[in-house]
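Remarks on the structure that follows.
The values are calculated or read from the model by the stated rules, or taken from the named source; none is laboratory data. On a predicted model such as this, the values are computed, not experimentally measured, just so you know. Note that we place each Cβ from the backbone using ideal geometry, even for glycine, and neighbour counts take in every protein chain shown. Heads up: the accessible areas ignore ligands, DNA and RNA and are worked out on the full protein's heavy atoms, side chains in. Shrake-Rupley method; radii C 1.70, N 1.55, O 1.52, S 1.80 Å.
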Amino acid sequence: MRFALLLIVLFALTACRPATPATPPAAPVPPPVTLSPSEAQHVWQDAKQTFDHRCVVCHGCYDSPCQLVLSSFEGIERGASKQEVYEGSRLLAIDPTRLHIDAHGTEAWREKGFWSVLGERDPSRALIARMLQLKRDHPLPRGGILPEGFDLGLDRTQQCPKPEEFDGFAKDHPSWGMPYALPGLSDAEHEALTGWLADGAPHAPEPPLAPALLESIARWEAFLNTPDDRVRLSARYIYEHLFLGSLYFDGIDDQTFFRLVRSRTPSGQPVDEIATRRPFEDPGVQGLYYRFVRRERTKLAKTLMPYPLSDARLARFKKLFVEADYKVAVLPGYDRQTAANPFATFASLPVASRYRFLLEEANFTMSGFIKGPVCRGQVALDVINDRFWIAFVHPDSPVVKEEAQLLAGAMPDLALPAEQGSNGILINWRKYERRQRRYLDLKSKFLSQLARSPDLVTLEQIWDGDGENNNAALTVMRHYDSATVVKGWVGGDPKTTWVVGYALFERIHYLLVAGFDVFGNIGHQLHSRLYMDFLRMEAESNFISFLPKARRRALVEAWYRDTSNEVKDHVYGKLARFDQETGLKFSTDKPEVELLRQMHVRLEKVLEKKYALGEEPEVKLRDALKGLALLSGHAASRMPETSFLEVRREHGTPRFFTLLRDSAHTNVAHLFREDKRRKPDEDQLTLLRGFVGAYPNALFSVDESELGEFTARVESLNSNEAYDTMRDRFGVRRTDPRFWELSDRMHEAYRDMEPLESGLLDFNRLEGN
């Protein structure tokens with residue numbers, strides 16, 4: 001009885017005890033959306049169009065905020081990361097995170113620290129959707145300067161919230177929704193992305209390749225993988241120069257691009273890419289195969305490097321590398337010291353063949369260090385002048401014909417910093433300086449021996465493109481922390497001009513393209529920049545060798561104001577002295593100007609002129625803009641580095657022009673404090689037809705009838721306030737309601753003007769004030 005009473009009491013106490021709160025049920029997982037293939041294709045294409053034209057314009061390159069690259073489905077699926085690619089002070093190299101190369105699939109990227117932006121459990125909670133909604137909840141003001149609180153500096157501290165951190169981010173930065181510091185999406189664009197997320201973020205694969213493309217790929221892979229030592233060595237050379245290219249099959253399809261990769265698997269099997277930091281690093285397998293992989297990314301102006309392949313090109317490669325008279329005693333290995341030195345690795349290949357390979361697509365080869373992985377880098381680019389012209393030594397020149405002898409003797413001194421790998425040690429720098437001194441001494445003696453020929457220093461030594469190849473003359477333009485290279489000599493006479501021969505061309509590629517690792521440490525990156533000083537000065541030295549001896553030193557003094565004699569000696573002096581008198585005739589006290597005129601005449605047949613204002617068919621536009629093309633001094637210095645100008649016409653489509661500021665310096669021979677070497681009173685504007693440069697700093701839209709006023713205002717700029725007033729009148733700011741309409745017109749015009757080479761522009765450098 002007592003036991004029964006005890007049970008009743010216990011039961012009563014238990015019944016009166018407050019109930020333990022139940023664990024809230026997990027959010028219900030939405031049922032999977034089932035779409036037909038055609039429906040998935042339609043939903044994805046709508047979303048992709050919005051991604052491309054509203055998102056990729058800031059999220060396309062290595063410097064995409066939070067490494068969120070939206071130019072392909074794999075990039076969207078990969079997601080975001082707090083790891084910064086561009087971190088110039090890191091002491092140790094970081095693991096590379098190249099999209100489509102260093103990992104495949106979401107699990108692999110999650111292991112590398114990336115997190116989802118798609119919200120697989122609840123699409124409405126996807127980071128993309130929440131960032132878009134944040135912008136709709138807090139839109140930008142219409143017009144005027146950006147409100148306070150936006151940070152547009154490239155080196156800003158990035159805010160990369162994970163899904164669980166988003167609420168805090170939104171509270172601290174309510175105006176930082178996406179698109180960041182730009183107008184929000186239209187209702188239709190917003191629905192395209194959120195609807196795509198709600199449908200499960202479907203991805204429609206690329207259509208199968210056309211039979212003609214498959215046949216061409218099979219022919220090229222068969223050639224590159226021929227089991228013959230001469231072909232194997234040649235294929236390695238070709239791969240190490242084309243690995244960054246956007247390869248296409250000319251005459252078949254010029255909008256489907258491929259990468260050339262090293263694979264563990266032969267043709268006919270799925271590609272198993274060998275991912276190394278550099279193309280010449282040890283593949284780690286006994287047998288490798290060169291294969292073509294389709295590029296599944298939206299075309300970006302910053303990274304697109306088209307390179308045509310065809311049956312004619314294949315025949316040309318066979319003539320250069322297979323039919324030439326040479327032997328390969330033993331194939332080179334992949335030890336770092338040898339592999340990083342192309343003159344050692346490819347010593348068996350004829351110099352003439354190697355040089356012709358580089359020359360015949362010189363714009364592509366030179367674009368490697370402009371359009372490669374370096375999406376930004378002021379310190380890396382302050383090694384070159386803001387605009388300079390390039391010409392090339394003729395491949396039939398005695399210099400090239402005898403160059404193998406020089407290279408054989410200078411082999412150890414041609415070693416490049418990439419031999420240290422990606423963790424460069426700064427104390428090794430003096431070693432490369434000593435090697436360069438020895439090489440210049442050998443080169444000077446080599447040229448002095450050849451100088452016994454009276455024809456050594458004439459215009460016949462300048463390549464004329466064989467009368468038909470427009471790669472013979474290039475212009476490089478620096479835009480502070482980015483740069484562009486184009487065919488032709490654009491703009492007025494530059495401060496300096498380069499003349500490039502084989503050894504110099506090859507070292508530029510292996511220093512800044514094949515050998516450069518954007519994920520490397522500070523030592524590696526500084527070594528690359530410092531070594532480029534040598535190459536620039538060598539190219540300038542080649543140019544002044546065509547001038548009278550009496551003028552050479554004075555010109556170097558003008559180019560390198562406020563520098564030491566040691567620096568000047570690298571261009572003309574004890575290190576690079578070439579005492580042969582020129583074989584050219586001059587009649588003024590400015591022979592360098594006369595030399596450029598003579599070179600113009602020699603290159604006239606192949607000079608690309610499409611960017612020149614003189615090619616503009618509308619006479620009224622030419623006359624209205626010609627004042628800007630000649631503008632120099634402080635008015636020019638008030639303009640941004642890169643501006644795009646739309647001229648709206650009463651009849652016909654708009655015309656587009658590029659205004660580039662050539663920023664003058666006393667010299668470009670020092671690593672830091674560039675602002676102390678600026679000479680704004682010597683700045684110039686270069687006005688070009690079309691679009692030159694991937695990163696505009698300012699956008700202007702002017703009615704044709706207003707061109708006179710626009711030109712007059714630019715010509716009279718005398719203060720920052722005057723520039724702001726001019727931009728208020730003609731500029732299209734980040735907050736302008738017309739911004740996306742102008743962006744669409746620019747991209748449409750760019751595609752029409754450059755159907756092969758055009759790509760999406762990048763708005764990360766747009767002014768904010």
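Please give me the summed charge of the neighbours of residue 47: other residues whose Cβ is under 12 Å from its Cβ, Lys and Arg +1, Asp and Glu -1. For residues surrounding residue 47, the net value is -3.
With +1 on the Cβ of every Lys and Arg and -1 on the Cβ of every Asp and Glu, and nothing else charged, how large is the dipole of the chain about its Cα centre, in debye rounded to the nearest 20? Working shown, then result.
Numbers: 99 positive and 108 negative charges, 365 e Å.
Rounded to the nearest 20 debye, it is 1760 debye.
Taken about its Cα centre, the range 547-596 carries a charge dipole of roughly 80 debye when the Cβ of each Lys and Arg holds +1 and the Cβ of each Asp and Glu holds -1.
Applying the Karplus relation 6.51 cos²θ - 1.76 cosθ + 1.60 with θ = phi - 60° to the range 235-248 yields 3J(HN,Hα) values of 5, 5, 5, 4, 4, 5, 9, 10, 4, 8, x, 9, 7, 9 Hz, where x marks Gly and Pro.
Of all lysines in the structure, the ones whose alpha carbon falls short of 16 Å from that of residue 299, not counting any fewer than 8 places away in one chain, are 48, 371. Note on the range 206-253: Cα-only Rg and Dmax are 12.5, 37 Å.
Spatially, the range 83-115 and the range 243-306 are offset by 20 Å when compared through their Cα centroids.
Distances between placed amide hydrogens fall under 5 Å for residue 388 paired with 476, all partners being 5 or more residues away or on another chain.
For the range 731-748, the Karplus equation 6.51 cos²θ - 1.76 cosθ + 1.60, evaluated at θ = phi - 60°, returns couplings of x, 10, 6, 4, 8, 5, x, 8, 4, 5, 5, 5, 4, 5, 5, 4, 5, 5 Hz by residue, with Gly and Pro reported as x. Around the amide H of residue 665, modelled in the peptide plane, lie the amide H atoms of 679, all under 5 Å away and 5 or more residues distant in sequence or on another chain. Summing Lys and Arg as +1 and Asp and Glu as -1 over all other residues whose Cβ lies under 12 Å from the Cβ of residue 702 gives a net charge of +1. Net charge dipole, the range 457-548: roughly 340 debye, given to the nearest 20, about the Cα centre with Cβ charges of +1 for Lys and Arg and -1 for Asp and Glu.
Label-to-label distance for residue 561 and residue 650 is 4.7 nm, based on points extended 7 Å past Cα in the beta-carbon direction.
In order along the range 69-80, the phi-based Karplus estimate (6.51 cos²θ - 1.76 cosθ + 1.60, θ = phi - 60°) of 3J(HN,Hα) comes to 9, 9, 8, 7, 4, 4, x, 5, 5, 4, x, 10 Hz; Gly and Pro are listed as x. Under the simplified labelling scheme, the residue 167-residue 329 pair shows an inter-label distance of 7.3 nm, with each label point 7 Å from Cα along Cα→Cβ. So how far, in whole Å, is the C-alpha centre of the range 353-371 from the one of the range 382-397? So the two Cα centres are separated by 12 Å.
Between the amide H of residue 300 and those of 760, distances stay under 5 Å, these residues lying 5 or more places away or on another chain, with hydrogens modeled in the peptide plane. Solvent exposure of the range 197-311, expressed per residue, is 42 Å² of accessible area, with all protein chains present and a 1.4 angstrom probe.
When a 1.4 Å probe is rolled over the protein heavy atoms, the share of accessible surface on the range 596-638 that falls to carbon and sulfur comes to 53 percent.
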